Amino acid sequence: MLLYLHAGFMIAGLLLMTAGVTVARLMRGKPWWFRFHRALGACGSLSVAGGFSAALAMVSDFGGPHFQVLHAWVGTLMVLSSMTTPVLGQLQFVLKERRAEIRKLHRRAGAITLILISLNIISGLVLAGIIPI
């Protein structure tokens, strides 16, 4: 059950964050784009956190050691990146004198997060034996 919860949260996180990027790229002229972008990113980050929690619980239930495979380490980096991205997004409104620099970091962090979550989903499917290598 925890495996399905973990996978579901991670896939939802990928979809929500991808939707957030899509809204920011394609709907910027609409008056509502920013609220949707921020909400989708926050929900995506929360979903990833839920997936990470389910993974920790799943490994504990199996009695195995944590962080013994590449999937776990990439997942940890992805979770940290998914939490850092919205913080950077908000920080550009706090540190207005560094807005351009922080916005660039926010965009790069978002791209890195989407790449990491995609790679980690693939590595999880390999680890589960769904994708043979």
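Quick notes on this structure:
- Size of the stretch 2-127 as Cα extents on the principal axes (Å, biggest first): 49, 26, 20
- The charge dipole of the stretch 2-127, taken about its Cα centre with unit charges on the Cβ atoms of Lys, Arg (+1), Asp and Glu (-1) only, comes to about 860 debye.
- Stretchable slack from Asp61 to Ala42, in nm (0.36 nm times residue separation minus alpha-carbon distance): 4.0 nm
- Spacing of the two label points (7 Å from each Cα toward its C-beta) at Lys30 and Ala49, in nm: 2.6
- Positive-pole candidate from Ala109, Ala57, Leu119, dipole of the chain, charges at beta carbon: Ala109
- Order of Leu40, Leu56 - criterion: other Cβ atoms within 10 Å of each residue's Cβ, fewest first: Leu56, Leu40
- Part-to-part distance (alpha-carbon centres) for the stretch 1-77 and the stretch 88-133, which is given in Å: 10
- Cα→Cβ-extended label distance, 7 Å offset, between Ala111 and Thr76, nm: 2.7
Values quoted throughout were computed directly from the atomic coordinates according to the rules given, and no laboratory measurement underlies them. Only a predicted model underlies this, so the values are computations on that prediction, with no experimental measurement involved. Ideal geometry is used to build each Cβ from the backbone, glycine not excepted, and the neighbour counts take in all protein chains shown.
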